[in-house]
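The values are calculated or read from the model by the stated rules, or taken from the named source; none is laboratory data. Remember, predicted model here, so these are calculated numbers, not experimental data. Note: ideal-geometry Cβ built from the backbone for every residue, glycine included; neighbour counts use all protein chains shown. With ligands, DNA and RNA removed, areas are computed over all heavy atoms of the protein, side chains included. Shrake-Rupley method; radii C 1.70, N 1.55, O 1.52, S 1.80 Å.
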Amino acid sequence: MSNDLNQECVVGLDAGGTRTRAVLAAAEDGCVFGEGAAGPGNALTVPVPRLTENLVEAIGQAVPEAARARVVAVAGGFAGATAASTEEPGHVNARTALTAALRRLGIQADRIRVCSDIEAAFASAPGTPSDGLALVAGTGAVALRITGRRSTATVDGDGWLLGDDGSGFWIGRSAVRAALRMADGRGTATALAVSVGRVLGVPDEALPGDGDWSRPHREAYRMHVLPAVMAELPIRLARFAPLVVEAAEEKDIVAEGILDQAAEQLTDTVRALNPSHGERIVATGGLLGPEGPLTAALTARLHALGLTLDWVPDGCRGAVALARLAYGGDDR
């Protein structure tokens, strides 16, 4: 960084539900100079004082003290916030925390831009698009229509209790449901009963084996699984999603059906935005990456709608691009 201290710089932030990432880059060409990371950055669930501390930590790591006077613009993509409304609670919390963090670090950026982490992820696609569709499929699931780099329509993203159809949570919950249905006699036999049971510590004698799975053993299985699941936060069901992927790779018909249904649900989510043929759709989230378990199935379905997935790993690149645009006078 020492050779670049005379350059004007920007900071891009990707503040999600599990961690906050900061990137320092050149205002002229986006060349990255430094990075930092800290705790969660959801502007609705993380209290403002804690959010401020996490921002201070991440930005402080990314921006050496000698470079702080050269920062001219900052853009942050925050879970729980949006660029569409400056008055909604998430946006207010994010801007309050970011302003306080920059003040503590001695960074006096002329322009500060707050948007959602999804809007930042959309901007991470090649060419920094301003219009199109965004799809997130990780622990949760949501699709947005982006117009002028702001969200103008939302489908799903309703959380584990009411929605997030086709998400990692939905897949994990489906795995446990399939295991319990096999145990009580309502469902098709599946390897998920064994893998789910082992993760939850079901005794070996209560797991289904090669022989007859007796009713007493089924009852013992259920009596162990239910309390173990109920003792944890519901969102923890997402940790069972990889078991479905593994079982599907071994041609387990139930696991294959779960993944197929997840892809169909995500297709319905995108379809609800009334996409135009050839319209751009930027995707992010672990289920849709290059090795994502739903990538092939969803790609095929979207191809029938005239859509092609353009995957990005996160919103860091987009946040840097938005900061550069803000510095150049584009506040859309």
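Here is how the numbers come out for the structure above:
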| item | result |
| --- | --- |
| Check on residue 288, in a loop (DSSP other than H, G, I, E, B) and under 13 Å from residue 141 (Cβ atoms) | yes |
| Single unsatisfied condition, residue 235 versus (1) among the hydrophobic types (A, V, I, L, M, F, W, C); (2) more than 28 Å from residue 135 (Cβ to Cβ); (3) open to solvent by 60 Å² or more (accessible area, probe 1.4 Å); (4) under 25 Å from the mean Cα position of the chain (by Cα) | (2) |
| Matching entry among 52, 20, 86 (being buried (at least 23 other Cβ atoms within 10 Å of the Cβ) and polar (S, T, N, Q)) | 20 |
| Filter result for the condition that a residue is under 20 Å from residue 54 (Cβ atoms) and modelled with pLDDT under 95, over 94, 81 | 81 |
| Matching residues in the range 299-332 - criterion: being free of Cβ contacts under 8 Å to residues at least 24 places away in the same chain and among the polar types (S, T, N, Q) | 299 |
| Enumeration of residues in the range 89-110 that are buried (at least 18 other Cβ atoms within 10 Å of the Cβ), of a type outside the set (Gly, Ala, Ser) and in contact (Cβ under 8 Å) with a residue 40 or more places away in the chain | 91, 93, 98, 102, 107 |
| Filter pass, residue 296 being free of Cβ contacts under 8 Å to residues at least 60 places away in the same chain and under 22 Å from residue 126 (Cα atoms) | yes |
| Complete set of residues in the range 296-332 that are open to solvent by less than 40 Å² (accessible area, probe 1.4 Å) and over 30 Å from residue 32 (Cα atoms) | 297, 298, 302, 306, 307 |
| Candidates 124, 130, 167 - the one that is in contact with a Cys (Cβ under 8 Å, 6 or more places away or on another chain), of a type in the set (S, T, N, Q) and closer than 17 Å to residue 311 by Cα | 124 |
| Considering residues of the range 254-295 that are farther than 25 Å from residue 318 by Cα and touching a Ser or Thr at 6+ places or on another chain (Cβ under 7 Å) only, the residue most open to solvent (accessible area, probe 1.4 Å) | 254 |
| Residues (modelled with pLDDT of 95 or more and not in a helix (DSSP H, G or I)) located in the range 293-311 | 293, 294 |
| Complete set of residues in the range 312-332 that are assigned to a loop (DSSP other than H, G, I, E, B) and either over 15 Å from the mean Cα position of the chain (by Cα) or over 22 Å from residue 262 (Cβ atoms) (or both) | 315, 328, 329, 330, 331, 332 |
| Hits in the range 239-253 - residues which are within 19 Å of the chain's Cα centre (by Cα) and either at pLDDT below 95 or buried (at least 21 other Cβ atoms within 10 Å of the Cβ) (or both) | 240, 241 |
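Condition check ((1) touching a residue at least 40 places away in the same chain (Cβ under 8 Å); (2) open to solvent by less than 30 Å² (accessible area, probe 1.4 Å); (3) touching a strand residue (DSSP E or B) at 6+ places or on another chain (Cβ under 8 Å); (4) under 18 Å from residue 261 (Cα atoms)) across all residues:
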position: 117; (1), (2), (3), (4): yes, no, yes, no
position: 125; (1), (2), (3), (4): yes, yes, yes, no
position: 128; (1), (2), (3), (4): yes, no, no, no
position: 132; (1), (2), (3), (4): yes, yes, yes, no
position: 138; (1), (2), (3), (4): yes, yes, yes, yes
position: 142; (1), (2), (3), (4): yes, yes, yes, yes
position: 150; (1), (2), (3), (4): yes, no, yes, no
position: 153; (1), (2), (3), (4): yes, no, yes, no
